Amino acid sequence: MTGKSDFDEYCQKYLVQWEKRATVRHLQRTRLSAEAARYEMFPAALQPVLEHAEVVARGPEARHRLLARAAAIFMLHVAILEVEVITDLCNRLANKGADAPVPKSALQVALTVSTDEAYHAYVAREFLLDLEEHTGVVPGPAGEGDMPLIGALAAVRRRAAPELARVADTMVLCFSENFVTEELFGLSSEADPEGPFHLNMREHMMDEGRHQIYFRKLFRHVWDGLDEERRTALGQLVPHYLDSFLTASSYEASQAKLLSYIGFDDETATRIAREAIAAVYGTERPAKSTIKFMRNALHLLEVSGILEHPPTRQTLIDSGWVDARST
Ligand SMILES: [Fe+2]
Ligand SMILES: [Fe+2]
């Protein structure tokens, strides 16, 4: 046996490493202090509205407040998604499997991920409490529309036949853990390396790098264990999952909301957000296969082997997620 026993062995090693490396097992986490809360709280490069003249004119305090609000919203989304989506999907995988053979060691790994993620939610909530205490900034209510992961899971569940329910959930989990990691890495490399956001992300990523590799291997293993009929049916669901990310969230709307928070009226906020995004990114929509934000999720398509499956490859080409010219 090759693939199955290799994966089993990898998972056994993972469990040993988890004991040594998981942040929940040994790391003294960094709390947000009053002094650290004076830093810029979120990567400014990801907030194009900050470059707009009407926002610059509001001065450094407004800029700090806007970035603190962006950090609060990000942490609230982490706190919610880690438990409502990722922890829940990991627990289901451990208890109910994936419609394809999965070694027991891999199910145990899923429970370690669930443990890590519940801890990440705890840390994110703690950050929010500290942020409010030091700056008065709160995230405001979370809308499901602001968290594409929730919409993407719902879109896949609506379309998955009952005999695919477990493997469809597992696929969403594998993609989400790759997508979310990409997002975190992107944010961290843009952040002030001395700032509290960077520290928080660095501690979070100690676990996420490990998760990402596990979920890539898991997806490959599960895919290999499906019969042709299920493989084809699952492949059809992939574009719906990816598309729901694009339609579920609006960058312009989220930028405008930040401006409303620092005192712009809704109409002005929307205009500035539109102008600022156009100034930085232009007005043309990029091809789906080139969207930077989705790069890691798309990488999963390659490393999992599903692009070698002709019907799945074709459905991804037809939906624009894979460039037909790519090998
Ligand atoms: Fe996490
Ligand atoms: Fe994770």
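The values are calculated or read from the model by the stated rules, or taken from the named source; none is laboratory data. What you see is a predicted model, and the numbers here were worked out from it, not measured in a lab. Cβ atoms come from the backbone with ideal geometry, glycine included; neighbour counts cover every protein chain shown.
If you go through segment 95-128, how many residues are under 19 Å from N178 (Cα atoms), more than 16 Å from ligand 2 (Cβ to nearest atom) and of a type in the set (G, A, S)?
Matching residues across segment 95-128 total 1.
On the given criteria, is L129 modelled with pLDDT of 95 or more and away from ligand 1 (no atom under 14 Å from the Cβ)?
yes
Every residue in segment 209-234 that is without any contact (Cβ under 8 Å) to a residue 40 or more places away in the chain, farther than 26 Å from W18 by Cα and assigned to a helix (DSSP H, G or I), please.
Result: E228, E229.
Just the residues that are of a type in the set (S, T, N, Q), without any contact (Cβ under 8 Å) to a residue 60 or more places away in the chain and under 25 Å from I213 (Cα atoms), please, taken from segment 263-318.
If the condition is that a residue be of a type in the set (S, T, N, Q), without any contact (Cβ under 8 Å) to a residue 60 or more places away in the chain and under 25 Å from I213 (Cα atoms), then S289, T290 are the ones that fit.
Check V49, V78 and return the single one that is touching a His at 6+ places or on another chain (Cβ under 9 Å), in a helix (DSSP H, G or I) and not acidic (D, E).
Sole residue among the options that is touching a His at 6+ places or on another chain (Cβ under 9 Å), in a helix (DSSP H, G or I) and not acidic (D, E): V78.
Which condition does Q47 not pass, out of (1) under 25 Å from V109 (Cβ atoms); (2) of a type in the set (S, T, N, Q); (3) buried (at least 19 other Cβ atoms within 10 Å of the Cβ), if it passes all the others?
(1)
When you scan segment 133-148, how many residues do you find that are surrounded by fewer than 16 Cβ atoms within 10 Å (Cβ to Cβ) and over 23 Å from Y251 (Cβ atoms)?
2
If I filter segment 277-299 for residues that are aromatic (F, W, Y) and at pLDDT 90 or above, do I get at least one hit?
Looking for residues that are aromatic (F, W, Y) and at pLDDT 90 or above, one finds none in segment 277-299, hence no.
Scan segment 299-316 residue by residue and report those that are under 8 Å from G235 (Cβ atoms) and part of a loop (DSSP other than H, G, I, E, B).
Across segment 299-316, the qualifying residue is only H309.
Of Y214, Y251, which residue is crowded, with 19+ Cβ neighbours inside 10 Å, of a type in the set (F, W, Y) and out of contact with any Ser or Thr (no Cβ under 6 Å at 6 or more places or on another chain)? Don't jump to the end; show me each part of the working.
Values: Y251 fails: crowded, with 19+ Cβ neighbours inside 10 Å.
Within the list Y214, Y251, the selection yields Y214.
Kindly indicate whether R63 is in a helix (DSSP H, G or I), in contact with a Pro (Cβ under 9 Å, 6 or more places away or on another chain) and either among the aromatic types (F, W, Y) or modelled with pLDDT of 95 or more (or both).
Considered against the rule, which asks whether it is in a helix (DSSP H, G or I), in contact with a Pro (Cβ under 9 Å, 6 or more places away or on another chain) and either among the aromatic types (F, W, Y) or modelled with pLDDT of 95 or more (or both), R63 comes out as no.
I'd like to check something: does segment 165-188 contain any residue that is over 13 Å from the mean Cα position of the chain (by Cα), surrounded by 22 or more Cβ atoms within 10 Å (Cβ to Cβ), under 19 Å from D116 (Cα atoms) and modelled with pLDDT of 95 or more?
yes
Quick check on my filter: what residues within segment 21-37 are without any contact (Cβ under 8 Å) to a residue 24 or more places away in the chain and in a helix (DSSP H, G or I)?
R25, H26
Considering only residues that are of a type in the set (K, R) and either at pLDDT below 90 or crowded, with 23+ Cβ neighbours inside 10 Å (or both), which ones fall in segment 189-211?
If the condition is that a residue be of a type in the set (K, R) and either at pLDDT below 90 or crowded, with 23+ Cβ neighbours inside 10 Å (or both), then R202 is the only one that fits.
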